[in-house]
Amino acid sequence: MNATGWLAIAGLGPGNEALITPEVSAALAEASDVIGYIPYVARIAPREGLVLHPSDNRVELDRATLALDLAARGHKVVVVSSGDPGVFAMAAAVFEALEAGNPAWRDLDIRVLPGITAMLAASARAGAPLGHDFCAINLSDNLKPWPLIEKRLRLAAEADFAMAFYNPRSKSRPEGFARALAVLKEACGDARPVLFARAVSTPEEELRIVPLDKAEPEMADMRTMVIVGSSRTRIIERQNGPLLYTPRSAPGTLP
Ligand code: SAH
C-alpha cells in the first residue's frame, strides 16, 4: 500500500458555491480523483491531474469500494455528496464497504469533511423552524420498509417533534409521500405549518409554506426538503415574506 494515499468523504452543501467549506475546497484542490453521483461530480471544475469518476444513483457500495481501492493504491480521493456526507449519503456507505472489505483498508487515512445539510439550509431560508427539538427522516423506502417509516412518523408526531423530511418523493414509490401526508394529517391535526423548500441556494430555489391540511403530494419532488412544524411552530407575517420559527421552549406536557 502506498502511504501517501488518502480518502476524504466531503459534503458540497446544498448547491451554492459560497456554502462549500474552505476545508472541502482545500481537499478538492489536492485531490487526484473525485468520485460521486453524476450531478454532484458535475459541480467539480475539471483540471489537469484530476480524474472525475461520475456514477449513477444506487451504486453507492461500488463507488465506496472504488474509493477505498484507489486510496489504498496511493490516490488522493474525494468522495462527494451533496449537503453533508454523513446525512443519508456516502460516508455511511464507505464505512459499510470498509467494515465488510479488505482489512488493509482500515489503515487508510480516511476523513469525513462536513457540509451544510439541506435541512439546515432550508430551515435558515424560512426562519428557524428547527429552533426546538426536531427529527430528520428519510422518506425513501429504498433501504427500509414502508411500515417502519410510517411508525416513525406516528411516533415523531406523538412526541411533538418538528420533522425534516429528506427524499420526500422516491421515484420507485411516488405514492409514498401521499401516504406520509395522510399519516401526518391524522396524527398531527390540520394546523401545523409545512415548509416546502425546493432547490435551496440554487437559481431554481422555491419556498412555500402551507397549513398541513392544504399540503399536497405534488408540492414536493426529489429536490425538495419538507419541514413539518411542531404544535408550537409559528409564522410571523411580514411585508418581506413570512418567517417560520419554533420557539426555544415548550410546556411540560405534550398537546
Ligand atoms: N446528504 C444530503 C442529503 C441527500 S438525500 C444532505 O445532507 O443534504 C437527497 C435529498 O436531500 C433530496 O431528495 C432533498 O430532499 C434534499 N436536498 C438536497 N439538496 C437540497 C436543496 N438544495 N434544496 C432542498 N432539498 C435538498
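The values are calculated or read from the model by the stated rules, or taken from the named source; none is laboratory data. Remember, it's a predicted structure, so these values are computed and weren't measured experimentally. Heads up, the Cβs are rebuilt from the backbone with ideal geometry, glycines too, and the neighbour counts pull from every protein chain shown. Please note that ligands, DNA and RNA were not included when accessible areas were found on the heavy atoms of the full protein model with its side chains. Shrake-Rupley method; radii C 1.70, N 1.55, O 1.52, S 1.80 Å.
Things worth noting here:
- When V112, V87 are checked against the criterion of being open to solvent by 40 Å² or more (accessible area, probe 1.4 Å), more than 19 Å from D33 (Cβ to Cβ) and either more than 13 Å from the ligand (Cβ to nearest atom) or among the β-branched types (V, I, T) (or both), a single residue qualifies: V87.
- From the options A197, A180, residue that is in the same structural domain as I235 (by TED's automatic domain parsing), under 17 Å from the mean Cα position of the chain (by Cα), in contact (Cβ under 8 Å) with a residue 24 or more places away in the chain and open to solvent by less than 30 Å² (accessible area, probe 1.4 Å): A197
- Qualifying residue in segment 60-68 (condition: part of a helix (DSSP H, G or I), within 16 Å of the ligand (Cβ to nearest atom) and modelled with pLDDT under 95): yes
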